[in-house]
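Peer 1: Handing you a structure now.
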Amino acid sequence: SFRAVFEISVRTPAGYEAVSNMPLSSRTPDGEVVNHRFLPTPPMPTYLVAVAVGRLESLPGEVAGIPLRILTTEGRRERGRFALETTKQVIPFYSTYFGVPYALPKLDQLAVPSVRNGGMEDWGLISYAEDILLFDPATSSPATRRAIFSVVAHEIAHQWFGNLVTAASWEEIWLNEAFATWMKYKAAARFHPEWRTDLEGRIAMERVMERDAGTSTRPIRSGPVRESSVSDVFDDVTYTKGGAVLSMLEQWIGPDAFRRGLASYMRERRLSNATAGDLWHHLSKAAGKDVATVAATWTDQDGFPVVEVSSRCIAGRTRVDLKQRRFSLGTGALPPHVWKIPIRLSRGKDRRTFVLDAHEKSIVLPGCSQAPLLANAGGLGFYRVEYATPDLRRLADAFASLSPPARAALLGDTFALAQAGRVPMEAYFSLLAALPTVRDESRTKLFALSFMALDYLDVALAGTPAQAGVRSAARALLAPALADLGWKPAPGEGTESVRLRQDLIVALAFFGDPAVVETAGRLFDADVAGTSPLPPSIRSSVVRAAGFQADRARFDVLVGLLRSSSGEEERKTYAIALAGNRDPDRARAFLDLSLSGDLPPNVSSDIPLLVGLFSENGALAYAFTLEHWGDLARMTGEGDRAWLLPAAAWRFNDSSWARRLLEDQQTRVGPDGAAAAGQVSARIELRALVRQRDAAALEAYLSTWSPGR
């Protein structure tokens, strides 16, 4: 709630550079030390004050009269060029969009090795983990370029949302993070439309909707936050759900009105604090609609609705009946809510946008038609849609001709309804069978959605005969797509095809495709031997695929590469490859490596977490974490230790583990660990429910399933 002007001065040994929020005003040698003094800041929140000291290299630039620098450790400045070009794009874009220029006289962005995770938007001096700021054309994956653009666009958006206008309290932190998430997608759509970030956002939305449909969720506006557990509100509800709700509201009131409202909000609250009420006031004024009342049902209530849709022809017109209720996964009791839902209804060329603000509502469309009816046209609504059987059948028959967002929403909704037991799981596989008929580049994101669902079922059904059926179905669906693409990029190939190839190699190796496992191992060995270097476009995928089934010799090679790597991106690739190995003895050896002192602390502390996330050896990772809790908690630090046990338990599917996790977390972390453990415990309970309910039926059904049937 308070802002102050800061005048920073720093004494360093000679030979070190000091940087802070503002430009240097003087640099005065004093024997073996140097005094660095910086210009006064504007009035700013204390949490954005930043100082960094090191032996730094600078990659300079300039945009709109603003000096820019990418700061790195020695020898790495050239890897900052893509981040610098991204910065030159997004600063003018944001300045124009908000109608408010960037507020400081410079912007430095710092790549921090070994100790930072993610990025931090300190005003005028943004810091990042190296692997999300630096790009090496010789070794970096194309996916790294996307990650760099995404994070840089997010953190620079904070220079407006958060820094220029600051949330009034931690419970309003979504005003920072949801808007930065929303703006990064808008920037990516503007400068990289080929990435199909509209569908990328749908993938992120699916992840948070699973949590938000259970007992471990919370409202976007969280209510009072304990200082000791502030990190709990920096989660997917704040970032992803918050950003998705903003997109839904923008679609409802229109992009022009939304932009005018934001620009007015930014000008009026500049160098001050804001609440949700301030934002809704400006958006309502710009749109001429009561945005506050609609938005509050999304930001102040937990969960989200499912909209039941049915249509029938009556006297030459189509009556569409809509009902809403809270969508629930699992068996826990959830309080009922009513939302004011901005619905985008379409059938052919007929489109209607309206607010469903009661339990039930009917809409009449002219004429009667066999054209598919969509109740979330554009896929931006943060709600599920459950169609009556005739409407669902028409959508499934027309799957390949639907718009890409409609396909993605239909896939996601159908799987979620099957998870909830509202439709049989076979309904999802019937829809999945149509996926190979999609030939445009949106199929990359559709396959990504299928990976998520199939991985979920693989975990839920582990230990049952149905798991083999899921893996067989996955190979049958994915292998023809990789065969069609081939392992080598074709001349002029689009970025989405490159991305799809990467995803398919990893997924097929995970699901045990013998040809992919053999090819990945052979390519990896040739790369290590230097006889045939891996192209950057598939390098990280091949390394991960080789790691899943690596024998002891290949495993030891990967360990050696991890030890000798000097870059964050390479270390992360090798660590994930090692963590995914399915052999229990090699998993124990990798876990022991976390305490060896041979690796940077951010890698060492992540090893049990990675084993839990990417392998079948989570029980080993969990036991290891308990046994060595003191050492791992010290390495991880207070901010992240709450996730040590939940991450190790990530792939469990037995209810007894859900209960044990809550008990162990209380013992090791106390109340500040309850949110993280609660999320994973709810996931485990849902998997256990799916296994009990669906295993036998899926085993029989998948024995004859194949794509195209």
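The values are calculated or read from the model by the stated rules, or taken from the named source; none is laboratory data. Quick caveat: nothing in here was measured; it's all calculated off a predicted structure. Please note: Cβ atoms are built from the backbone with ideal geometry, for glycine as well, and neighbour counts cover all protein chains shown. Protein only, heavy atoms only, side chains kept; ligands, DNA and RNA dropped before computing areas. Shrake-Rupley method; radii C 1.70, N 1.55, O 1.52, S 1.80 Å.
Peer 1: What translational diffusion coefficient, in µm²/s and rounded to a whole number, does the Stokes-Einstein relation yield for segment 137-225 at 25 °C and a viscosity of 0.890 mPa s, taking the hydrodynamic radius as the Kirkwood radius over Cα pairs?
Peer 2: It comes out at roughly 167 µm²/s.
Peer 1: Still on this structure, I have one more. Going by the alpha-carbon gyration tensor, a ≥ b ≥ c the square roots of its eigenvalues, is segment 313-425 rounded (a/c under 1.5) or, if a/c is not under 1.5, prolate (a/b greater than b/c) versus oblate?
Peer 2: oblate
Peer 1: If the only charges are +1 at each Lys and Arg Cβ and -1 at each Asp and Glu Cβ, what is the size of the charge dipole of segment 247-302 around the Cα centre, to the nearest 20 debye?
Peer 2: 340 debye
Peer 1: Over segment 147-248, calculate the relative contact order: mean separation of alpha carbon pairs under 8 Å at least 6 apart, over the residue count, as a percent.
Peer 2: Relative contact order here is 36 percent.
Peer 1: Place a point 7 Å from Cα of residue 4 in the direction of its Cβ. Which residues in segment 248-282 have their backbone N less than 20 Å from it?
Peer 2: 271-274
Peer 1: Per residue, how much space in cubic angstrom lies within the convex hull of the C-alpha atoms of segment 538-650?
Peer 2: 92 Å³
Peer 1: Restricting to DSSP H runs of at least four residues, report the calculated mean residue ellipticity at 222 nm for the chain, -39500 (n - 2.57) per run over all residues, nearest 500 deg cm²/dmol.
Peer 2: My calculation for the chain gives -15500 deg cm²/dmol from helical runs alone.
Peer 1: Using Stokes-Einstein with the Kirkwood hydrodynamic radius over Cα pairs, what translational diffusion coefficient do you get for segment 51-166 at 20 °C and a viscosity of 1.002 mPa s, in µm²/s rounded to a whole number?
Peer 2: Once the numbers are plugged in, D ends up at 152 µm²/s.
Peer 1: Continuing with this model, one more query. Could you tell me what percent of the accessible area of segment 433-475 is made up of carbon and sulfur, with a 1.4 Å probe and every protein chain present?
Peer 2: Result for segment 433-475: 58 percent of the exposed heavy-atom area is carbon or sulfur.
Peer 1: When every alpha-carbon pair in segment 264-354 is counted, what percent end up more than 21 Å apart?
Peer 2: Looking at segment 264-354, the distances longer than 21 Å represent 54 percent of pairs.
Peer 1: For segment 173-265, take N as its residue count and report Rg(C-alpha) divided by 2.2 N^0.38 Å.
Peer 2: Working it through for segment 173-265, the quotient is 1.16.
Peer 1: Between beta-carbons, use under 12 Å as the cut-off and find the net charge around residue 62, counting Lys and Arg +1, Asp and Glu -1.
Peer 2: Value of the local net charge: +3.
Peer 1: Using a Debye calculation, one point per C-alpha and no hydration shell, please list log10 I(q)/I(0) for the chain at q = 0.08, 0.10, 0.11 Å⁻¹ in order.
Peer 2: -0.66, -1.07, -1.32
Peer 1: Taking all pairs of different Cα atoms in segment 589-709, averaging 1/r and flipping that mean, what Kirkwood radius in angstroms comes out?
Peer 2: 15.5 Å
Peer 1: So for segment 1-49, what percent of the C-alpha to C-alpha distances run longer than 14 Å?
Peer 2: 50 percent
Peer 1: Reported to two decimal places, what Rg/Rh ratio describes segment 444-579 when computed on Cα atoms with Rh from the Kirkwood expression?
Peer 2: 0.97
Peer 1: Taking 1 over the mean of 1/r across every pair of different Cα atoms in segment 379-460, what Kirkwood radius in Å do you get?
Peer 2: The answer is 12.9 Å.
Peer 1: Now for a separate question. Can you give the % of DSSP beta bridges in the chain that are antiparallel, to the nearest 5?
Peer 2: Beta bridges within the chain, antiparallel portion: roughly 75 percent.
Peer 1: Using only the alpha carbons, work out the radius of gyration and Dmax of segment 420-488 in angstrom.
Peer 2: 12.9, 42
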